[in-house]
Each structure stands twice: as C-alpha cells, then as structure tokens.
1. Rg and Dmax in Å for the range 164-312, alpha carbons only: what are they?
2. What percentage of all Cα-Cα pairs in the range 67-110 are separated by more than 18 Å?
3. Could you calculate the contour length gain from L57 to L9, that is, 0.36 nm times the residue separation minus the distance between their Cα atoms, to one decimal place in nm?
4. Positive end of the dipole of the chain, charges at C-beta (+1 Lys, Arg; -1 Asp, Glu), about the Cα centre: which of S151, S262, I207 has its Cα farthest in that direction?
5. Once you have the Kirkwood Rh of the range 66-160 from its Cα pairs, apply Stokes-Einstein at 37 °C and 0.692 mPa s and quote D in µm²/s.
6. Got a sec to turn the phi values of the range 244-252 into Karplus ³J(HN,Hα) couplings, 6.51 cos²θ - 1.76 cosθ + 1.60 with θ = phi - 60°, whole Hz, x for Gly and Pro?
7. How much FRET efficiency would the formula 1/(1 + (r/R0)^6) give for I306 and T179, where r is the Cβ-Cβ distance and R0 is 45 Å, rounded to 0.05?
8. In nm, give the distance between the simple-model label positions of A31 and V171, each being 7 Å from the Cα along the Cα-to-Cβ direction.
Amino acid sequence: MSSTIDVILPVFLVLGLGYVAAWTKVLSEDAIDGLMRYAQNFGAPILLFKSISALDLGRAYDAGLLLSFYLGALVSFALGFAGARIIFKRAMPDAVAIGFACLFSNTLLLGVPITERAYGTEALAGNFAIISLHAPIFYGLGILCMEIAKSHGHRLAKHDIAARIAQAVAVQPLIYGITAGFAVNLTGIALPSSVQSAVGMIAATAIPTALFGLGAILRRYRLDGDKATIVMICGCSLLLHPALTYILSRWVFSSSVADMRSAVITAAMAPGVNAYLFAHYYDVAKRVNAAAVIAATALSILTIPIWLHILP
C-alpha cells in the first residue's frame, strides 16, 4: 500500500498545489490561463512529438490494446447516455454531453504520470498509442452524436458534420505534435542534437506544468449540479470503463502485461477538462460536467490504488 501511495501522491500533490495557488490568489487568473496555454500549446504537443517520433509503431499500436480501451469507452458512453436519458430524464443534447464525460478520460495529464511512476518510462508506449487517437475518435463521436441530437429529426448535411469534426480536431494543439511525431518516425529524419536537447527540455516541463495548471483551473468550477448524475459519471469513468478494459484486455484479447497496464490505467483516469469544454461549447449540461470533473478527479485518489493493486 505504501508503494502505491508513493506512486499517486506526488501527482495529486502537484495538482493540489495548483489548486491552493488559485485559491490563495498567489497566481492571478491571467497567470493561470498563461500557464495552461503554455502546457496545452507547447509543453504537451512537444512531449507527444518526442514520444511518438521514437515509438516502435508496430509494437505500440497493438489491436488488443486499442480495442480494449476504446470498446470499454464506447460502452461507458452508451450507458452514460442511456442513464442520463432514461433514468434522469435529461434532454438528448444533455445526455450526449454527459455520455461524453463518461468516456473522455484524462489520458495525458493523469494517465501518463501515474503509469510512468508505477511502471517506468518504458511502459508509456501503450499510453501514447491510445492518446494519439483519443481526440480524433472521441471528438468525432461526440460531435456526430450532438449534431444528431440537436437536429430534432431534421436531415443533416454530411459535409457540415464532417467539417465540424475536422475543425474541432484541427484546432487541438496536441494533433500538431502527434502529426509531427509520426512524420519524423515514418521518414526516419534525424534531428540535430541541439534540437533534440531543446525538445527534451520542454517535454520535461509538460506534465508538471499541466498538472499544476489543472489544479488551478479546477478551482474555478463548483461542485454543483445533479448529484445522482455526477455519481453515475464517476462510476462510469472510474469503475466501469477500466473494468471493461481489464476484462477485454486480459480474457478477450490476451494482451501483454505492459499493454494491459497502459490500457487499464488510462481508462481509470477521471474525465478531463475537455468534458466540460465540450458541454460548454454546446451550452448543455455545463454544471453537471464541471462538477463531475472535480468529483471524479478527487475520487480517483481512492480508485487508482485499487486498479494498481489489481493489475499484475
């Protein structure tokens, strides 16, 4: 148990320090926004560039790894949507946003540091394979379902939906880092040592800066909204998704231990702030999703050790 605490506690201490800095106003709102812009627009994309450019693509993109994570996420989305619609009687667009919160794990800011601290840097190949497909697949699914929900039975122009999906994915800075990483990996371009050093310096700042900033950002949101719906989102994110991923990875696809760890730990993360941003963009279920991000992030301190204990 003490070793598990040693794995997760530093991650949440950095996140908590960011929360305290915002609460005590040591950092202004503008400073927090600047910190997150650096993490999202420079630190995290360069970290992904560095990692993907060095990946063994044939080894990292294992079908069992990806199917275990993404099938679990899709079931979590479907049950979250159905629960919001049938049990809590939410409108269709609300239900889509709530389902989106059930599937959109905080793969990078929480999943990567916890996997790295638990199993070492060499264990991150599966994490980065999942992350490289995360935004395109989930934003595509979310936008498609939301446009259908808001159409009220009217015929949708396929090119309009495709344009919305492409635009939402294209404005994600992470996509630039991922694309550049694939370009270097596939072409075999050797970067000058000075460039590699600069990339390494910035990449090393990405996770701690983003964690600190995430803690500060969470201070802005309140734990309001429909409590029962929030409990459902937390259950889908922290328990259902990783449980399904574990079952599929271990007994259906017989994944390697390394792939199982990456898939399950990534699935076990709380919803990221993108779950709130998606709801905010469509102006639906904003309070519920914001509260769910806070509640699930706090509860994950208790649930992550369970998954670390279960995994081989």
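No lab work stands behind these numbers, since they all come straight from the coordinates. Note that this is a predicted model, so its numbers are computed, not measured. FYI the Cβ positions are ideal-geometry reconstructions off the backbone, even for glycines, and counts take in every protein chain you see.
1. 18.5, 54
2. Everything past 18 Å amounts to 29 percent.
3. Details: separation 48, 0.36 × 48 = 17.28 nm, distance 3.17 nm.
Length gained, L57 through L9: 14.1 nm.
4. S151
5. Values: Rh = 14.8 Å.
D = 222 µm²/s.
6. Once rounded to whole Hz, the list reads 5, 4, 5, 4, 5, 5, 7, 10, 9.
7. Values: r = 36 Å, r/R0 = 0.80.
Efficiency, rounded to the nearest 0.05: 0.80.
8. 2.9
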